[in-house]
Every structure is written in C-alpha cells, then in structure tokens.
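What follows is a single structure, written as structure tokens, with notes after it.
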Amino acid sequence: MGLVVFNEFMGNSVLVVGGGGREHAISLGLKESMNVSELHIAPGNAGTALIGNNHQINISNVDEVVELVKELDVDLVIVGPEGPLVNGLSEKLNHIDVLCFGPFSSGANLEGSKQFAKNVMMNLNIPTAASIRIESIEQAEELIDGFGPIWVIKRDVLAGGKGVTVTENKDAALAAISEGISLDGFVLIEEFLEGEEASMLVVMDESSYVCLPASQDHKRVGEGDTGPNTGGMGAYAPAPIVTESVKNKVIQRIIEPMHNWLSAQEDLYRGCLYVGLMINEYGDPYVVEFNVRFGDPETQVTIPLISSDLYDLFAFTAEGKLSELNVEFYDKHALTVVLASEGYPSKPKTNRIITGLNYENKDVIIHHAGTKLNSEGEITSSGGRVLAITGISNSLSEAAKSSYSSLKNIGLEGSHFRKDIGHRSL
Ligand code: AMP
Ligand code: GLY
C-alpha cells in the first residue's frame, strides 16, 4: 500500500509504537488532529492499517525503532507498551532530538521493577500494600501466615498483569512462590488490599500534569471477577468510584508527591503515569501498581473522551510544556468489551478469520488489538485479545448496550468475552 498522507501542507509526521487496541485508539485520536499529516504505526494491526502506515519491525529492539524514526523523519514518537521504554527508547530518541511521549528508562523502572516502585512509594509515604521479598521456600513457609489468607504473590518481571497470583489457598500460594523463585530467584509477597480498583491515567511532564477521566478495568477472565488474571477484559470511564473526594485524595497523597519527585529527577518523565488504585470502603486510595504508559483497554475508553487536540496533548508533553495547554473532555461515557481468542489467557488460538466488522455505527468504535490481514486480505486473529468493542454514549448503560449489540454480529470461532463489563456501576 502507498504512503497514507493527510493535511500534507501543515501537519507533522507521527509514529505510534505498538500494535494493540491501545495503539489503535491512540492512532484513531491522532487521525482526527489537524496537526498530523502522516501517521505511522510499528508494528500496528489490521485496524491501524486502515488509517495509517504499518511498519513490521521488532519493537523490543529499540535500535530498530530508532532506525525507522530516522528513515521516516518523524516529528513525534508515542510509545504504547512499556518494553521499549524500559529498554531506553525515550533517551535514545532524545539523543537524536526527536520528541518522545514516554519516560526515560529510569522512570520506566517504576513498572519494570515492582520492588523499585515500592521503595519509591515508601520513601515518599505514598499509601500502598506492605510487601516482602522472598528468596527461598523455607523463608516463605516461615512468613506466609503473616500475610494471608488472602495471599498476593508477585513476580518482579514485566508480565502484562499475568505475573500476579491472588489466592485464598495456601498450597496454591506456596506453589506460585516456588515457581517464581525457580524462574527469577525471588518473589514478592504483598499484603492483600480490600476494596474496588480503578485506573487513573495521568499525563505529565516536569511543568504540569493532567488527570484523564478515571476508568475501571476488569482483569479477571470470567464474569463476577473470577478465573485467572488477564491483560484486561473490558473497561469503562468515567468510573463513579472515583468521586471528587476520592480524586482529591489521589491527587494529594499520590500524584502530587510522584509528580514532584519525578520532576526533580535529571531524567525526563514526559508521558503517562498509570496509577492502579485500590479504593477502600472509606474512600482511601492505595497504589496497587504503577505503569509508565497508557493502559489497555483503559485507553480505548479514555481517548474518545478527550475533546482537545490529541496531537497537542502528546507534543506539548513531549516538549515539557504541558502547563501551557488546556485539556478538555466530553461529558460522555465509554465502555469497551474485549473479544478474546479461544484459550486466552493461557494458550490463545490464533489465525482465525474474523467476520461481521461494521464501522458504520457512530456510537461504536471497533478497536483492533490482535488482528492482521492474511494473504487473501481477510482479517484474522493474531493475539489473545483480538478486538475491543467500544460504545460511546450519554450514559454508561447506553454505552454498554451499543458495545454489546455490536459484538453480537462479530464472528470469531471459539472466542469469548465477559458479559458483565461495567457491572459495578450499572
Ligand atoms: P498488578 O500487576 O500488580 O497490577 O496486579 C494485577 C492484579 O492483581 C491487580 O489489578 C489486582 O486485581 C490484583 N492485586 C495486585 N496486588 C494486589 C493487592 N496487594 N491486593 C489485592 N489485589 C491485588
Ligand atoms: N489494563 C491493565 C494494564 O494496562 O496494565
């Protein structure tokens, strides 16, 4: 396919790094901007191929990304996943004077190492679960009763939310500990936090920060929050659990101290800080995790609620002048349901044909995630999470209705989705 160019006389050339639903949502938002003339995605998916230029490179090799940036002469790079950030993509781009939305690797370590994130939070007095590092099964047996039931066992690796075991069963906890130790040499046992989860995506640079509408993910694979953890089976925004009062506490106790600390570092933190929250019955927020990027599928319900120009949001942040920008939002609700492959999350079956995609309904966005075009030009599945069907409406229940009725028409053999996305608020 030839190069897709729009607004060719006035816009900028942008590269979005990643190939999931999050990157399709970011790309769709950028396509709306008058400031974008060329949209590139690496590697992208079948959805981004419809609106921009996909480039099949290996994004975990940051040198390959840098080469592509030079070749395409892009003005701004937006990094979707954490891997390239942890691997130093942002500083490499800074070195060649290319704007990058996404922090340097030292900041990305907040996601790269849960232990590092815990240490930062302890030093800043940010509320979070107590945690301990366990290096042997003997040590685990000695300490385990002090932490549960319920037990939370975490591997300190990038595992897309899948390196965490939460269980009421002591044998299962010990098995997870033993497996983690054999793989990595140690695991973390964490105090179990009670409450309701929410995600706050905070766009920040050293000059300012902007909280995007809070959302709620659904991490477990099954209805009623049962079964294993996944990358996220659906989300909605705004999440009513984050009331004005809760939001103020989150800002005061978590975001302000993190922003002050990150801004004082020599290395740049220009990007998104994803604050994974547990909110207890008194409305007190605790940090479950930090991510250094937009969430997936939270992005699919967050980007459509931003009414301001998305290129400006990314570019001002990447330039360190977010304080000069006024960011505005629609007074709307968004809800997305993830359609997953048979066998997801443990063993997804891919390469199956997807039918019934209809882009005509204005209240629904079909976000592609693990999709690709086969040699016959058919859209096929290529990952665990295949599509995120996002309804946008004046109410959460209408958004849910739009999403689910659109989903009914989509065919993918063996696929599954949760039928209760939004249940806490509907
Ligand atoms: P993480 O990758 O750290 O976000 O953990 C994945 C999921 O496990 C979270 O979204 C929570 O649902 C659950 N989880 C993690 N840590 C805790 C905790 N300390 N207490 C309760 N649930 C947790
Ligand atoms: N939806 C969870 C994440 O992006 O980490």
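The values are calculated or read from the model by the stated rules, or taken from the named source; none is laboratory data. All values derive from a computational prediction rather than experimental measurement. For neighbour counting, all protein chains shown are included, and Cβ atoms are generated from backbone atoms with ideal geometry for every residue, glycine included. Please note that ligands, DNA and RNA were not included when accessible areas were found on the heavy atoms of the full protein model with its side chains. Shrake-Rupley method; radii C 1.70, N 1.55, O 1.52, S 1.80 Å.
Considering only residues of the range 204-225 that are farther than 14 Å from Y344 by Cα, in a strand (DSSP E or B) and within 15 Å of ligand 1 (Cβ to nearest atom), which is most open to solvent (accessible area, probe 1.4 Å)?
For the range 204-225, the residue satisfying everything is D217.
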In the range 280-294, how many are in contact with a helix residue (DSSP H, G or I) (Cβ under 9 Å, 6 or more places away or on another chain), more than 9 Å from ligand 1 (Cβ to nearest atom) and acidic (D, E)?
1
Of the candidates A140, A117, A46, the one satisfying the condition of being among the small types (G, A, S), in contact (Cβ under 8 Å) with a residue 24 or more places away in the chain, open to solvent by less than 10 Å² (accessible area, probe 1.4 Å) and within 16 Å of ligand 2 (Cβ to nearest atom) is A117
I'd like to verify a number: residues in the range 96-111 that are closer than 29 Å to I255 by Cβ and outside any helix (DSSP H, G or I), how many?
7
If only one of V65, V120, V69, V79 is at pLDDT 95 or above and within 16 Å of ligand 1 (Cβ to nearest atom), which one is it?
V120
Kindly indicate whether any position in the range 24-31 is hydroxyl-bearing (S, T, Y) and either surrounded by fewer than 24 Cβ atoms within 10 Å (Cβ to Cβ) or assigned to a strand (DSSP E or B) (or both).
no
Pair list, Cβ under 9 Å, 6 or more apart: the range 289-301 residue of a type in the set (G, A, S) and open to solvent by less than 10 Å² (accessible area, probe 1.4 Å), other residue away from ligand 1 (no atom under 13 Å from the Cβ) and modelled with pLDDT of 95 or more
G295/R22; G295/L201; G295/C272; G295/T302
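Per-residue answers, yes or no, for (1) under 28 Å from H368 (Cα atoms); (2) touching a Cys at 6+ places or on another chain (Cβ under 8 Å); (3) aromatic (F, W, Y); (4) in a helix (DSSP H, G or I):
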{"position": "E194", "(1), (2), (3), (4)": "no, no, no, no"}
{"position": "L201", "(1), (2), (3), (4)": "yes, yes, no, no"}
{"position": "G231", "(1), (2), (3), (4)": "yes, no, no, no"}
{"position": "Y236", "(1), (2), (3), (4)": "yes, no, yes, no"}
{"position": "Q252", "(1), (2), (3), (4)": "no, no, no, yes"}
{"position": "P257", "(1), (2), (3), (4)": "no, no, no, yes"}
{"position": "S263", "(1), (2), (3), (4)": "no, no, no, yes"}
{"position": "D267", "(1), (2), (3), (4)": "no, no, no, no"}
{"position": "C272", "(1), (2), (3), (4)": "yes, no, no, no"}
What do you reckon, is G377 at positive phi and free of Cβ contacts under 8 Å to residues at least 12 places away in the same chain?
yes
Name every residue in the range 114-171 that is among the polar types (S, T, N, Q) and assigned to a loop (DSSP other than H, G, I, E, B), in order of residue number.
N125, S136, N169
The lone exception for H24 - which of (1) farther than 25 Å from E376 by Cβ; (2) modelled with pLDDT of 95 or more it fails:
(1)
With E142, E91, E191 as the choices, which residue is farther than 30 Å from G19 by Cβ and more than 15 Å from ligand 1 (Cβ to nearest atom)?
E142
So N35 clears everything in (1) farther than 19 Å from A318 by Cβ; (2) open to solvent by 20 Å² or more (accessible area, probe 1.4 Å); (3) in contact (Cβ under 8 Å) with a residue 60 or more places away in the chain except one condition, right? Which one?
(1)
So for the range 180-188 (the condition being in contact (Cβ under 8 Å) with a residue 24 or more places away in the chain, among the polar types (S, T, N, Q) and over 27 Å from D296 (Cα atoms)), does at least one residue qualify?
no
Tell me, which residue of the range 60-95 that is small (G, A, S) and not in a loop (DSSP other than H, G, I, E, B) is nearest to the chain's Cα centre (by Cα)?
G83
Please determine, by comparing only the residues of the range 226-247 that are in contact with a Gly (Cβ under 7 Å, 6 or more places away or on another chain), open to solvent by less than 40 Å² (accessible area, probe 1.4 Å) and more than 12 Å from ligand 1 (Cβ to nearest atom), which one is nearest to I392 (Cα to Cα).
Y236
Among the residues of the range 143-192, what is the count of those that are surrounded by fewer than 19 Cβ atoms within 10 Å (Cβ to Cβ) and either within 16 Å of ligand 2 (Cβ to nearest atom) or under 22 Å from the mean Cα position of the chain (by Cα) (or both)?
6
Kindly indicate whether F314 is more than 16 Å from ligand 1 (Cβ to nearest atom), touching a residue at least 40 places away in the same chain (Cβ under 8 Å), under 30 Å from D267 (Cβ atoms) and touching a strand residue (DSSP E or B) at 6+ places or on another chain (Cβ under 7 Å).
yes
